[in-house]
Structures are given as C-alpha cells and as structure tokens.
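Only one structure is covered here, and it is reproduced in the block below.
The values are calculated or read from the model by the stated rules, or taken from the named source; none is laboratory data. Treat the numbers as computed from the prediction; the structure is a model and nothing was measured. Positions of Cβ are backbone-derived with ideal geometry, glycine not excepted, and every protein chain shown enters the neighbour counts.
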Ligand code: GAL
Ligand code: CA
C-alpha cells in the first residue's frame, strides 16, 4: 500500500513537472520576439542621397533589433519618380498588415489624401526627406516628419564660402574685380531644399559682406548627368569667368566636376550638399572644395526609432527629440578636407 502511495506521489510530481514545462514553453512563445513590419516608399531609388538613406535605414533596423529585442521587417518600394505609382504602392500596403509606413513622397504637395487613407486604416506615417506642408502633417496625430532644416543647409554651404574667402588661402575672386562670379545648380523645382538652399547660401555669403555676381542659374533635378550638361553650357557661355559653382546637392556638383574635367578646364571652387561617398572621394581628390553633411545616419536612426515607437503604441517623445510635436530635425554640418575626419559616416 505504502509503495502504491509513493508511486502515486511520484506520478503526481511527474505530471506537475510536465504541466510546468508546457506552461514554460507557452510563456516562452508569449515572449517571442515582437515583429514590426515597415513599408518604406522612396520617391526614386535612382538618387544617391536617398539610396544612402535607405541603406542606413537597414543598418539602423539591424541595430534596433539587437538593442530592443525586436524583429524589424522593411519592405521598400521604388516610386520611380511617379506619384501615381507611389499612391498605388501605398494603397496596397494600407490593406496589408503593416505597422507603419515611412514615406518619401514623389510630390510633397499631395500628402493630404494619403494621410486620410492611413487614418482610416489606423496605420501611422513617418514622412521623410521631402517635407509635406504643416497642415498635412497636422491632419492626424499619428503623422510625423523626419528630416533636416533646409534653410540650415543653405547657411552651412554659404559659411564654407565665407570661411574660404576670409581665410585668404583661396583666391576666389580670380579676376580681382571685388566680386565672386558664380553659377548655381538647383535641385527639383518646388522642393524645399532647392528653394531654401539657394536662398540661404547666397544670403549667408552676402550678409558677411562678400559681393556676389550671379552669372546663371539652372535646374539639374539633383542629377549628376544633368549637372554635367548644364555646367557644359555654363562653360561655353562664361568660360574662365566662373569663380564659384554652388550646387544644391553633391550629385550635381559631381556633374559640374565632370564637365570641367572633360573640357580640360581648371576646376573652380565647387560646393555641394549631402556628403555622399562619391562626393567624399572627390573632396579627397581636391576636385570638390566642400559639402554639407545631411546626417543620413542620424535621420535613418530617428526614422526607425520613431517607427518602432508608433508601431508599439509607445510615446514617440521618449524615443526621439521632437520639435513642434511632430518633427525630428537633424542639424547639417559644413564639411571640407579640414574637418572631414571628424564626420562619422560609417
Ligand atoms: C535632398 C538631397 C538631394 C536629393 C533630395 C531628394 O535632401 O540633398 O540630394 O536626394 O533630397 O528629395
Ligand atoms: Ca571676380
């Protein structure tokens, strides 16, 4: 009888152990890594700064997975410079189980209907790089913007010219007429970075008491090939009187370098914005005089941090530094060979 009781006890303990173990495995599955699904919509993949930002988004996501024990799935869509194509891509994802959509609009003026659809589907949006108007951001409380202050990038580019001029190390005024003759290569018309970079680069230079003379302005839509062809026209028209090339971004500045090089002309002071890898190479070669670091690394990290906070229903304020409630703005940094070593690009 005693032996039977003992056996019963052992059996009961055994059953308890089995139940405990199976409970444990349930608990384990409850603790399974949370997966966050992010849709990333690019205005085009054919843009050096945007593709740099995209690869940094991947890096930021992998870091976040480790630090926060998450699984982050990023699906990217190429808008191919066509808003209708991008609208279709967004609509499809709004019908699927995405947690958040990160949108680099093709046309930054058409955010309103996208915001309304996302609100109906209750999927938060993080716009980036191409800034919608404030009214569109404020249409719904789950809409944010990550980017940088375009005015600041113009100022930083202008400061490079002011520093060069004041240092006396560079002969910007080659013909000695007391003015810097310049040409301007502009990005897409209507883009906040085009308008404000042009305006504030010039203001910063002239406010420092340096006289400028504009020879010509042309738009080259952020693209290297267009930057090259527009610069070839400038060279044909103005020849050696070009003392400075201000470009709204690096790719067009690299195009300008291509044009001077292919015409066997001495390369004047050429300045870009972005600090992309090919631009850094030309900076090192001495053919690009300066650029402005558009913190793609910091922006990518903010986009991921913000997206995860929104996906998990957490307060974004605790994860990113917000301006005016909905904006994460990263400062620009002027870059020349003198401080390039201080910029963390990796
Ligand atoms: C700017 C960048 C450009 C281009 C553009 C696209 O911020 O400087 O190179 O990428 O965004 O929207
Ligand atoms: Ca001059």
Among (1) on the phi > 0 side of the Ramachandran plot; (2) touching a residue at least 24 places away in the same chain (Cβ under 8 Å); (3) away from ligand 1 (no atom under 16 Å from the Cβ), which single condition is residue 221 missing? (3)
Go through region 173-211 and give me each residue that's closer than 23 Å to residue 331 by Cα, touching a residue at least 60 places away in the same chain (Cβ under 8 Å) and in a loop (DSSP other than H, G, I, E, B). 187, 190, 191
Could you grab me the full set of residues in region 154-190 that are modelled with pLDDT under 95 and either within 15 Å of ligand 1 (Cβ to nearest atom) or not assigned by TED's automatic domain parsing to the domain that holds residue 273 (or both)? 190
Out of all the residues in region 271-280, is one or more assigned to a strand (DSSP E or B) and under 24 Å from residue 178 (Cβ atoms)? yes
Using the structure shown, decide if residue 320 is within 23 Å of residue 200 (Cα to Cα) and not in a helix (DSSP H, G or I). no
Considering residues of region 152-172 that are without any contact (Cβ under 8 Å) to a residue 40 or more places away in the chain and within 16 Å of ligand 2 (Cβ to nearest atom) only, the residue surrounded by the most Cβ atoms within 10 Å (Cβ to Cβ): 171
Would a scan of region 160-172 turn up a residue that is within 30 Å of residue 133 (Cα to Cα) and part of a strand (DSSP E or B)? no
Criterion (without any contact (Cβ under 8 Å) to a residue 60 or more places away in the chain, more than 30 Å from residue 43 (Cα to Cα) and not assigned by TED's automatic domain parsing to the domain that holds residue 44) met by exactly one of 214, 230: 214
Only listed residue being at pLDDT 95 or above, within 25 Å of residue 174 (Cα to Cα), in a loop (DSSP other than H, G, I, E, B) and more than 16 Å from ligand 2 (Cβ to nearest atom), chosen from 265, 230: 265
All but one of (1) touching a strand residue (DSSP E or B) at 6+ places or on another chain (Cβ under 6 Å); (2) over 22 Å from residue 76 (Cβ atoms); (3) not assigned by TED's automatic domain parsing to the domain that holds residue 63 hold for residue 262, so report the exception by its number. (1)
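Residue by residue, here is whether (1) more than 28 Å from residue 224 (Cα to Cα); (2) modelled with pLDDT of 95 or more holds:
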site	(1), (2)
2	yes, no
14	yes, no
25	yes, no
29	yes, no
32	yes, no
35	yes, yes
58	no, yes
96	yes, yes
If we scan region 242-251, do we find a residue that is over 18 Å from residue 283 (Cβ atoms), loosely packed, with under 15 Cβ neighbours inside 10 Å and in contact (Cβ under 8 Å) with a residue 24 or more places away in the chain? no
Scanning region 86-109 for residues that are in contact with a strand residue (DSSP E or B) (Cβ under 7 Å, 6 or more places away or on another chain) and either outside any loop (DSSP other than H, G, I, E, B) or closer than 17 Å to residue 129 by Cα (or both) gives 86, 89, 90, 93, 100, 101, 102, 103, 104, 105
Can you tell me which of 45, 37, 59 is without any contact (Cβ under 8 Å) to a residue 40 or more places away in the chain and either within 17 Å of residue 297 (Cβ to Cβ) or in contact with a helix residue (DSSP H, G or I) (Cβ under 9 Å, 6 or more places away or on another chain) (or both)? 45
